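Asker: Just dropping this structure here.
The values are calculated or read from the model by the stated rules, or taken from the named source; none is laboratory data. Please read these numbers as outputs of a predicted model, since none were measured by experiment. All Cβ positions, even for glycine, are placed from backbone atoms using ideal geometry, and neighbour counts span all protein chains on display.
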Amino acid sequence: MANDASAVSDAISRNLDALADPFTPPADSTLWRKNFLLGAATASYQIEGAVNEDGRLPSIWDTFSATPGKVLAGDTGAVACDHYHRWEADVEMLASLGLEGYRLSIAWPRVMDAAGLPNRKGLDFYKRLLNRLKEKGITTSVTLYHWDLPQHLEDRGGWLNRDTAYRFADYADLMSRDLAGTVDAWATLNEPWCSAYLGYGNGHHAPGLANDRFATQAMHHLLLAHGLAIPVLRANDPASQKGIVANIGRGTANSDSAADQRAAHLFEVQHNAWILDPLLKGAYPQDLFELWPGTEPLVLDGDMQTISAPLDFLGINYYFRTNVASDGAHGFRDVPLEGVERTQMGWEVYPDGLRDLLTGFKRTYHNLPPIYITENGMASDDRVIDGHVDDTQRISFLKRHLAAVDQAIKAGVDIRGYFLWSLMDNFEWAFGYERRFGVVHIDYSTQKRTVKRSAELVAKFLKERKARV
Ligand code: IFM
């Protein structure tokens, strides 16, 4: 494995200077500022594998992916990128690419047993990983919950059970006591919209329940979990930044009609305001309950205050836009546009959506915290040919989205960094291994890592930026 790592870093250095460059940002881009953090992101269940090792308990994704018909081709995260065993080579690869930040998540079922006691072996894995990242000078951003809920908590109702929020605060307590000093930024949750809506609203993700009322209640408990964890993280690890990561979606109207304009507004209420309003305004958007009448969650006194505790940063994940029209009742329906550029996921490539949402949030939320783009990237059907992966569409995608970030910064939005999704190809949830989001290619039969051209170009830019006085 060590040889693997040095072969990868030798190849990176050999290739760097020789590359023609369709990626480097223009000279006036704010991305040349050295304090703009450029890194890559992953998540535990998507890369680690080793699901039965060192005392890790089952998660809802082990259960869900083992259920026939839930994941494309019956794929599971049992082995994934085998990162649990190959983490040293993977850190070496990150460092040789010159990536300045790494966003990872901790698998809750790996570090805590059903009685709430620490699992030392699991904790030590993250401790070794984070220490090594710090030794390499890489900024560490740790997400506590990227969807792998311990199955024993789901068996007691999962995010429909208010108690899960308190169990999450215990977990945050344990992690931040143990890992304090190795983490630069803690994010409580990744994309609560996906956990609540895909997990409990339409059932496309674990645990696979489908009921709008469940979705709003699960969201409330997720946000409560976040709000309960923030003061715990502050007390245990005062030097680090604390925040949360939200996925956001751009909705555009299919026509100028008032009904379609309203539909686009409702789309963004459902995707963005549902999460951002409680966090930043301390209230759910009432329009949400026009879309889903009768789904108001049970909210106890003080909850909204807990949820809207000040944040040090807001993580934003952005991928695509959705064009919508009125559904003729009180909602919206997708109207896919013809002739637009799409990715392997079928998602439209629409960088302006990122800029427009960010500048819109700055207008809407007067207390908008500093922002990190915690995920942005695309899937393509990448193949290794003669030892190379020429992921042209991704190079152009990244360049255009980074330009959108630059525009938002110039329009006054405080954006501090950007993490590519993802460092490496990985288990793309219900789509299994078919969809490749990495800037590093994984051959799942050999676990060979091949740095894609996009990663080489990012590395070249970072090297040039570093060399500037
Ligand atoms: O792979 C996911 C990630 O886990 C969460 N955000 C979106 C990515 C692409 O679908």
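Asker: On the basis of being within 15 Å of the ligand (Cβ to nearest atom) and on the phi < 0 side of the Ramachandran plot, does residue 415 make the cut?
Answerer: Details: within 15 Å of the ligand (Cβ to nearest atom): no; on the phi < 0 side of the Ramachandran plot: yes.
Here the answer is no, as residue 415 does not meet what is asked.
Asker: While we're looking at this one, here's another question. Among the numbered criteria (1) on the phi < 0 side of the Ramachandran plot; (2) away from the ligand (no atom under 16 Å from the Cβ), which one does residue 203 miss?
Answerer: All conditions are met except number (1).
Asker: Return the residue satisfying two criteria in turn: it lies in region 351-378 and is closer than 21 Å to residue 455 by Cα and not polar (S, T, N, Q), and of such residues it is nearest to the ligand (Cβ to nearest atom). If you could, list the steps in order and put the result at the bottom.
Answerer: Applying the first criterion (closer than 21 Å to residue 455 by Cα) to region 351-378 yields 351, 372-378.
Next, from what is left, pick out any that are not polar (S, T, N, Q): 351, 372-373, 375, 377-378.
Details: 351: 16, 372: 14, 373: 12, 375: 5, 377: 8, 378: 9 Å.
The residue in question is 375.
Asker: Does residue 339 satisfy the criteria of being at pLDDT 95 or above and away from the ligand (no atom under 16 Å from the Cβ)?
Answerer: Values: at pLDDT 95 or above: yes; away from the ligand (no atom under 16 Å from the Cβ): yes.
So residue 339 passes the test.
Asker: For the structure I just gave you, tell me whether residue 333 is farther than 23 Å from residue 212 by Cβ and of a type in the set (Lys, Arg). Reasoning before the result, please.
Answerer: Details: farther than 23 Å from residue 212 by Cβ: no; of a type in the set (Lys, Arg): yes.
No.
Asker: Then there's this: Of all residues in region 176-196, which are within 16 Å of the ligand (Cβ to nearest atom) and either free of Cβ contacts under 8 Å to residues at least 60 places away in the same chain or under 30 Å from residue 132 (Cα atoms) (or both)?
Answerer: From region 176-196, those within 16 Å of the ligand (Cβ to nearest atom) are 187-196; that's our starting set.
187, 188, 189, 190, 191, 192, 194, 195, 196, listed by residue number.
Asker: Please determine whether any residue of region 165-172 is away from the ligand (no atom under 16 Å from the Cβ) and under 19 Å from the mean Cα position of the chain (by Cα). Full working, then the answer.
Answerer: As a first pass, look at region 165-172 and keep what is away from the ligand (no atom under 16 Å from the Cβ): 165-172.
With under 19 Å from the mean Cα position of the chain (by Cα) added as a condition, the list becomes 168, 172.
Yes, that holds for at least one residue.
Asker: Could you tell me how many of the residues in region 439-469 are outside any helix (DSSP H, G or I) and in contact (Cβ under 8 Å) with a residue 40 or more places away in the chain?
Answerer: Within region 439-469, the first condition is being outside any helix (DSSP H, G or I), and the residues that meet it are 439-452, 468-469.
Among the residues that remain, those that are also in contact (Cβ under 8 Å) with a residue 40 or more places away in the chain are: 439-444, 447-452, 468.
Total meeting the criteria: 13.
Asker: Hey, does region 249-263 have a residue that's within 29 Å of residue 229 (Cβ to Cβ), in a helix (DSSP H, G or I) and either in contact (Cβ under 8 Å) with a residue 12 or more places away in the chain or within 16 Å of the ligand (Cβ to nearest atom) (or both)?
Answerer: Looking for residues that are within 29 Å of residue 229 (Cβ to Cβ), in a helix (DSSP H, G or I) and either in contact (Cβ under 8 Å) with a residue 12 or more places away in the chain or within 16 Å of the ligand (Cβ to nearest atom) (or both), one finds none in region 249-263, hence no.
Asker: Could you list all residues from region 217-248 that are in a strand (DSSP E or B) and of a type in the set (D, E, K, R)?
Answerer: The one that is in a strand (DSSP E or B) and of a type in the set (D, E, K, R): 242.
Asker: Mind telling me which of the residues 167, 156 ends up being assigned to a helix (DSSP H, G or I) and either modelled with pLDDT of 95 or more or closer than 23 Å to residue 103 by Cα (or both)? Spell out how you get there, then give the answer.
Answerer: Values: 156 fails: assigned to a helix (DSSP H, G or I).
Testing whether each residue is assigned to a helix (DSSP H, G or I) and either modelled with pLDDT of 95 or more or closer than 23 Å to residue 103 by Cα (or both) leaves just 167.
Asker: For residues that are loosely packed, with under 15 Cβ neighbours inside 10 Å and within 21 Å of residue 225 (Cα to Cα), scanning just region 284-327, find the one that is nearest to the ligand (Cβ to nearest atom).
Answerer: Across region 284-327, the extreme among qualifying residues is 310.
Asker: If you don't mind, another one. Among the residues of region 74-117, which ones are part of a helix (DSSP H, G or I) and under 17 Å from residue 206 (Cβ atoms)?
Answerer: Going residue by residue through region 74-117, those that are part of a helix (DSSP H, G or I) are 74, 83-96, 108-111.
Matches in region 74-117: 74, 108, 109, 110.
Asker: Let me ask something else about it. Here is a list: 233, 222. Which entry is of a type outside the set (Asp, Glu), under 28 Å from residue 131 (Cα atoms) and modelled with pLDDT of 95 or more?
Answerer: Working: 222 fails: under 28 Å from residue 131 (Cα atoms).
Going through 233, 222 in turn, the sole match is 233.
Asker: Test residue 84 against the stated conditions and say whether it is aromatic (Phe, Trp, Tyr), in contact with a strand residue (DSSP E or B) (Cβ under 8 Å, 6 or more places away or on another chain) and within 30 Å of residue 418 (Cα to Cα). Working first, answer last.
Answerer: Working: aromatic (Phe, Trp, Tyr): yes; in contact with a strand residue (DSSP E or B) (Cβ under 8 Å, 6 or more places away or on another chain): no; within 30 Å of residue 418 (Cα to Cα): yes.
Taking the combined requirement at face value, the residue does not satisfy it.
Asker: Here is a further query. I need the full set of residues from region 358-380 which are hydrophobic (A, V, I, L, M, F, W, C) and crowded, with 22+ Cβ neighbours inside 10 Å, in order please.
Answerer: Across region 358-380, the qualifying residues are 358, 371, 373, 378, 379.
Asker: Every residue in region 299-319 that is within 21 Å of the chain's Cα centre (by Cα) and charged (D, E, K, R), please.
Answerer: The one that is within 21 Å of the chain's Cα centre (by Cα) and charged (D, E, K, R): 312.
Asker: Go through region 189-210 residue by residue and tally those that are of a type in the set (S, T, N, Q) and in contact with a helix residue (DSSP H, G or I) (Cβ under 7 Å, 6 or more places away or on another chain).
Answerer: 1
Asker: Check region 420-436 and report whether any residue there is away from the ligand (no atom under 16 Å from the Cβ) and closer than 24 Å to residue 96 by Cβ.
Answerer: Just the residues of region 420-436 that are away from the ligand (no atom under 16 Å from the Cβ), to begin with: none.
No - not one qualifying residue is present in region 420-436.
Asker: Is it the case that some residue within region 379-395 is in contact (Cβ under 8 Å) with a residue 12 or more places away in the chain, hydroxyl-bearing (Ser, Thr, Tyr), touching a strand residue (DSSP E or B) at 6+ places or on another chain (Cβ under 8 Å) and within 14 Å of the ligand (Cβ to nearest atom)?
Answerer: no
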